[in-house]
Amino acid sequence: MTDPDTPVLDNHLHLDPDNGRGLAAVDDFRRMGGTHLIVVNKPSWHLGQDVEGGEEFRPVFDRTLDVVAEAADRLPGTAWPVLGVHPGLVTRLVDDRGLSPERAGDLMIEGLELAADYVAEGEALGLKSGRPHYDVPEAVWEASNRVMRRAFSLGADLDCAVQLHTEESEDLTVVAGWAEETGLPAHRVVKHYASGRLAGPTPSVMSEKDWLQEAAERGDPFLMETDFVDDPDRPGAVLGPKTVPRRVDWLEAEGHAEAIRTAHVETPRLVYGVDTEATLDPGGENG
Ligand SMILES: [Zn+2]
């Protein structure tokens, strides 16, 4: 296992204490040497919420804050929530509920504005937005881009990071440019589920060895994640909660100590303004 003084952060996972493994997944992460987590709320539909307006997101966000507080208590470092609206919601609202793309976009913006209130209160670290990773009609694509741009303007107002779920891409400079137009620096935009190279936002690299190796060798800022979904119906859908600590051990064995520091100390500071070293008490389990 890595040196207990080394912060080990999973930048994007979900915890579902009601239907999934919840805190048992946090314990697995910790036992392997994990110290810090960024927990993203599950898509609203996973918790059975039917969205009619921004307020419908509140129980989803509150449940996330509860589980993050419990996770923080179990870690030698801490856990932070990132709240927002999964871009796939647009399809549910348009295809399943028959709403216009415009109306769907408005509802999603209401959800983001509610998430922004939590950031403003210091209860959440950042926002989550993006656009569908699959083909959608032009009007849905436009609505999705409008939602994402609103997330950037909220991030700029709040001076917080915005995590994105987007199509597979190694060049999102256009999107990062939209963020910069609103006053949000490109490095505070994080592409979740990134591969080893990305122009524009900061990549949160899925912890596959090939991608991590590429990111480590490039030397640019990057984060590491699993996108663990904690969904009992999709057990093998993504990487498990032990993966980031395991891959940190592997990076160390490969001689990439500098990249470990980049991904777990320097980039978290650059993107979120958090200090993973000051918030780490190797002897304790309190965040
Ligand atoms: Zn996710």
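The values are calculated or read from the model by the stated rules, or taken from the named source; none is laboratory data. This one's a predicted model, so the numbers in the text were calculated from it and none came from an experiment. In this analysis, Cβ positions are derived from the backbone assuming ideal geometry, glycine residues included, and neighbour counts consider all displayed protein chains. SASA here: full protein model, heavy atoms, side chains in, ligands and nucleic acids out. Shrake-Rupley method; radii C 1.70, N 1.55, O 1.52, S 1.80 Å.
Taking N as the number of residues in segment 154-287, what is its alpha-carbon radius of gyration divided by 2.2 N^0.38 Å?
In units of the 2.2 N^0.38 Å rule of thumb, it is 1.08.
Over 23 Å, how big is the tail of the calculated P(r) for segment 104-188, in percent of all Cα pairs?
Cα-Cα pairs in segment 104-188 separated by more than 23 Å: 17 percent.
For segment 240-281, report the translational diffusion coefficient in µm²/s to the nearest whole number, using Stokes-Einstein at 37 °C, 0.692 mPa s, and a Kirkwood Rh over Cα pairs. Intermediate values should be presented prior to the final figure.
Working: Rh = 11.0 Å.
Roughly 297 µm²/s, to the nearest whole number.
On C-alpha positions alone, give me the angle between the axis of helix 58-74 and the longest principal axis of the chain, in degrees, nearest 10.
0
Per the 1.4 Å probe, what fraction of the accessible area of segment 58-149, in percent, lies on carbon and sulfur atoms? Don't jump to the answer; show the numbers that get you there.
Working: 1620 of 3650 Å².
That share works out to 44 percent.
Based on the mean of other Cβ atoms within 10 Å per residue, sort peptides 134-146, 78-90 so the most packed one is first.
Values: 134-146: 15.6, 78-90: 24.7.
Averaged packing, sorted descending, gives the order 78-90, 134-146.
Just the number please: accessible area per residue for segment 166-250, 1.4 Å probe, all protein chains included, in Å². Don't jump to the answer; show the numbers that get you there.
Numbers: 3560 Å² over 85 residues.
Here the residues of segment 166-250 average 42 Å² of exposed surface.
Which number do you get for Rg(Cα) / (2.2 N^0.38 Å) in the chain?
Numbers: Rg = 17.7 Å, N = 287, 2.2 N^0.38 = 18.9 Å.
Cα Rg divided by the expected 2.2 N^0.38 Å: 0.94.
For helix 101-120, what angle does its Cα long axis make with the longest principal axis of the chain, in degrees from 0 to 90 and rounded to 10?
It works out to around 40 degrees.
Roughly how many nanometres apart are two label points built 7 Å out from the Cα toward the Cβ at Ser100 and Glu214?
4.1
I want to check the label-to-label distance for Asp171 and Asp135. Put each point 7 Å from Cα in the C-beta direction and report it in nm to one decimal.
If labels sit at Asp171 and Asp135, their model points lie 2.1 nm apart.
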